[in-house]
Amino acid sequence: MNSPASGTAKLARGTSLYVICVALAKVLGLVWVIPVTAIIGPTGNGIYGNAYAVYNILQQLATAGFPLAMGKLIAERRARGERAVVEHIYRVTMRSLTIFSVCAFAIMWLGAPAFAHMVSLKDSAASVEQNVPSLRAVSLMLIVIPAMSGLRGYLQGFQRLEGPAYSQTFEQLFRVIAMVVGAYLVVDVWHRNRAVYGAAAATFGGFVGGLAGLVLLVAFAIPIRRQERPLGYDESPFRSGQILRMVYRIALPVSLGGLVVPIANLVDSWTVTNLLQASGESYAQAVANYGILTRQAMYLVMLPMSFAYAIGVSVLPSVSAAKEKRSQADLQMNITFTLRTMFLMSFPTSAALLVLSRPINLALFGTTAGSDIISTVSFMSIFASMELISTYVLQGLGKMYRPVRNMFLGLGIKTVLNFALILSLHSALGAALATTFGYIVSSLLNVAAVRKYGQVRFSLRRLMRPFFRSALVAAFAMFGVDYGLSRVMHAGHSVEGRLTAVIELLVAGGVGALVYLLLVARSGAMTEEEFRSVPGVGKYLGKMARRLRKPPRRPGTERLRKYP
């Protein structure tokens, strides 16, 4: 019989594996942009973005909160020995997900012409012709993704985290392969329209990845189902409607919170192209600029979100435990450490995107178009990460709907500013600025809510200061190195120019990283132990901090701080 200690160790290993696989899946989800952009071009990227803007809302409603709700309810009922209730929860939830997936698929497939019409009111015929194939291709994912969500929640309830973890990576791997191969076959082998059918082939890759992930989850769930199915659920004391209400009570706030980003993307899909056309651009130009905004600039800015997600997943249970124990010291320590770790990752990324946007864009996508947009949204990663982290903290404090409210307030500001800035600047740059302002508002509201409901005291300015100063110096170092290299090597827009951009990026980025880490370690902003707690690279950062830390101050010279 397994001891409690061995069970705890097994759970800890499963949790670590889950965080690693989710982070890897998010990285794989970003990798595909480079080859697919080279095949289908910015216009194809714009069509792809329009399709996913609609799909993501339906997918979020169907999947976001269900793994959490099923996992929590099944784990609680298993702990009480109510195995019939566990079976009842599984059957009711999977049945409702199946019904929703069929309805969502029908809405998106049949409504594809109407959705495409909204993308460009001025040139709706061209919009329908270009966008309908991709909208219908991505709608196929709604047949498999809700079932995947349910099975992940079921396995999490049994603390079998290997299946949900591996399925994330498995799904993304097959998705990336199918997207790249499908787009290549359609465009370069069958010589179909590059933007229209290349984008449709890329969106169809999501269905292939989802099918692969579903097969893997079914393989993990079969052994458990063989044990549980014969029990039936006739002895369950609940009616199916009661089970459904229990599930939705937990899943709904999570789903609503997750809707903010998909709705923001839909706002961009339905406003950017229309407003750019109103500013004088043709339909083709507007779609291409929308593709640069969403598939190049925004994807690069969201890179630090993989780290923020991993940090958030780890901090939520620790915040919940500190609140349950009423340990204010632990709560203060967990929250301030989490914010410092987030700043450690997001500030250098923002500095690199700000200063090295041209070589980054040229090295990854083979073009300098949109470099100004990448620079403009560079600071968004700081506030987007802060919003995500503070949302997890508030959920750990039991405040599920407060971050939802704050995120929708930020979304409202972003929508209003979309109209004002795009029309005044006559550029997709306006949408980038609007999104950044929206994240600033929602993240600061979240931080204020953390202070209020967590009853913790910290100065955001003081927490940010050492990371900001280090990133600022690193930005100047990267700019100087990049400027010198570009002058020496005469980077251009040809194949040779792309190669020199890679060299610039590696050298300037490497110098900036070394300068940043050296200054952060010397500043004492984080201890060696805190560096070691950073997901993925903590061991190496801890060694570096030990070697570079400042010697201790002489007694009596320490500066007193009011609070962290």
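The values are calculated or read from the model by the stated rules, or taken from the named source; none is laboratory data. This is a predicted model, so every value here is computed, not measured. Every residue, glycine among them, receives a Cβ derived from its backbone with ideal geometry; neighbour counts consider all protein chains shown. Note: areas computed on protein heavy atoms with side chains; ligands, DNA, RNA excluded. Shrake-Rupley method; radii C 1.70, N 1.55, O 1.52, S 1.80 Å.
Which order do the peptides 394-407, 75-88, 337-350 take when ranked by the mean count of other beta-carbon atoms within 10 Å per residue, highest first?
Most protected by this proxy first, the peptides run 337-350, 394-407, 75-88.
Calculate the tail of P(r) for region 380-452: the fraction of all Cα-Cα distances greater than 14 Å, expressed in %.
Working: 1471 of 2628 pairs.
In whole percent, the share of Cα-Cα pairs in region 380-452 beyond 14 Å is 56.
Restricting to DSSP H runs of at least four residues, report the calculated mean residue ellipticity at 222 nm for the chain, -39500 (n - 2.57) per run over all residues, nearest 500 deg cm²/dmol.
-27500 deg cm²/dmol
If you take every residue apart from Val128 with its C-beta less than 15 Å away from the C-beta of Val128, what net charge results, scoring Lys and Arg +1 and Asp and Glu -1? Numbers along the way, then the final one.
On the way: positive: Lys122, Arg136; negative: Asp123, Glu129.
Cβ neighbours under 15 Å give a net charge of 0.
Please work out whether region 147-187 counts as rounded, prolate or oblate from its C-alpha gyration tensor, where a ≥ b ≥ c are the square roots of the eigenvalues and a/c under 1.5 means rounded, while otherwise a/b larger than b/c means prolate and anything else oblate? Kindly include the intermediate steps, with their values, before the conclusion.
Values: a/c = 7.98, a/b = 3.24, b/c = 2.46.
Note, shape of region 147-187 comes out prolate.
For region 125-174 and region 23-58, what is the separation of their Cα centres, given in Å?
14 Å
Which length gain, in nm to one decimal place, applies between Val181 and Ser282 when the Cα-Cα distance is subtracted from 0.36 nm times their residue separation?
So the chain would gain 33.3 nm between Val181 and Ser282.
Roughly speaking, to the nearest percent, how much of the chain's 1.4 Å accessible area is carbon and sulfur?
So the carbon and sulfur contribution to the accessible surface is 64 percent.
Under 12 Å from the Cβ of Gln156, count the other residues' Cβ atoms, weight Lys and Arg +1, Asp and Glu -1, and hand me the total.
Local net charge: +3.
Starting from the Cα-Cα distance between Val102 and Ala125, subtract it from 0.36 nm times their residue separation and give me the gain in nm to one decimal.
Stretched out fully, the Val102 to Ala125 stretch lengthens by 5.5 nm.
Pulled fully out, how much extra length does the chain show between Val502 and Val473, if you take 0.36 nm times their separation in residues and subtract their Cα-Cα distance?
Value of the extension gain: 8.2 nm.
Round to a whole angstrom and tell me the spacing of the C-alpha centers of region 507-523 and region 367-444.
27 Å
Quote the Stokes-Einstein diffusion coefficient, in whole µm² s⁻¹, for the chain, based on the Kirkwood radius over alpha carbon pairs, a temperature of 25 °C and a viscosity of 0.890 mPa s.
So the translational diffusion coefficient is about 98 µm²/s.
Calculated FRET efficiency, Leu460 and Arg226, Cβ-Cβ r, R0 41 Å, to nearest 0.05?
0.20
By its C-alpha gyration tensor, with a ≥ b ≥ c as the square roots of the eigenvalues, how is region 174-272 shaped: rounded for a/c under 1.5, else prolate for a/b larger than b/c, else oblate?
Note, shape of region 174-272 comes out oblate.
Could you estimate the translational diffusion coefficient of region 249-403 from the Stokes-Einstein equation, with Rh from the Kirkwood formula over C-alpha pairs, at 37 °C and 0.692 mPa s, in whole µm²/s?
189 µm²/s
Sorted by accessible area (1.4 Å probe), largest first, how do Lys323, Lys414 line up?
Ranking Lys323, Lys414 by accessible area, largest first, yields Lys323, Lys414.
Tell me the net charge near Gly509. Cut-off is 15 Å between Cβ atoms, Gly509 excluded, with +1 for each Lys or Arg and -1 for each Asp or Glu.
Values: positive: Arg358; negative: Asp482, Glu504.
For residues surrounding Gly509, the net value is -1.
I'd like the FRET efficiency for Arg405 and Leu425, computed as 1/(1 + (r/R0)^6) with the beta carbon distance as r and R0 of 35 Å, rounded to 0.05.
Using R0 = 35 Å, I get an efficiency of 0.75.
Which order do the peptides 326-334, 430-438, 45-53 take when ranked by the mean count of other beta-carbon atoms within 10 Å per residue, highest first?
Top of the packing list down: 45-53, 430-438, 326-334.
How many nm separate the modelled label positions at Val189 and Ala219, each set 7 Å beyond the Cα in the direction of the Cβ?
2.5 nm
In nm, give the distance between the simple-model label positions of Ala329 and Val31, each being 7 Å from the Cα along the Cα-to-Cβ direction.
Rounded to a tenth, the inter-label distance reads 4.5 nm.
Placing +1 at every Lys and Arg Cβ and -1 at every Asp and Glu Cβ, with all other atoms neutral, what dipole size does the chain have around its Cα centre, in debye to the nearest 20?
That gives the chain a dipole magnitude of about 2420 debye.
Find the relative contact order for the chain and round it to a whole percent, using C-alpha pairs within less than 8 Å whose residues are 6+ positions apart. Mind showing how you got there, number by number?
Working: 867 pairs, mean separation 90.2, N = 564.
It rounds to 16 percent for the chain.
What FRET efficiency comes out for Lys452 versus Thr527 if R0 is 30 angstrom and r is the Cβ-Cβ distance? Round to the nearest 0.05.
The calculated FRET efficiency here is 0.60.
With a 1.4 Å probe and every protein chain left in place, tell me how much accessible area Leu505 has, in Å² to the nearest 10.
Leu505 has an accessible surface of roughly 50 Å² with all protein chains in place.
Ranked from highest to lowest mean number of other Cβ atoms within 10 Å per residue, what is the order of the peptides 458-464, 260-266, 188-194?
Ranked from most to least packed, the peptides come out as 260-266, 458-464, 188-194.
When the Kirkwood radius is taken over all Cα pairs of region 327-407, what Stokes-Einstein diffusion coefficient follows at 10 °C and 1.306 mPa s, in µm²/s? If you can, show how the numbers build up before the last one.
Values: Rh = 14.5 Å.
The Stokes-Einstein estimate is 109 µm²/s.
Taking only protein heavy atoms and a 1.4 Å probe, what accessible area per residue, in Å², does the chain have with all protein chains in place?
Heavy-atom accessible area per residue stands at 45 Å².
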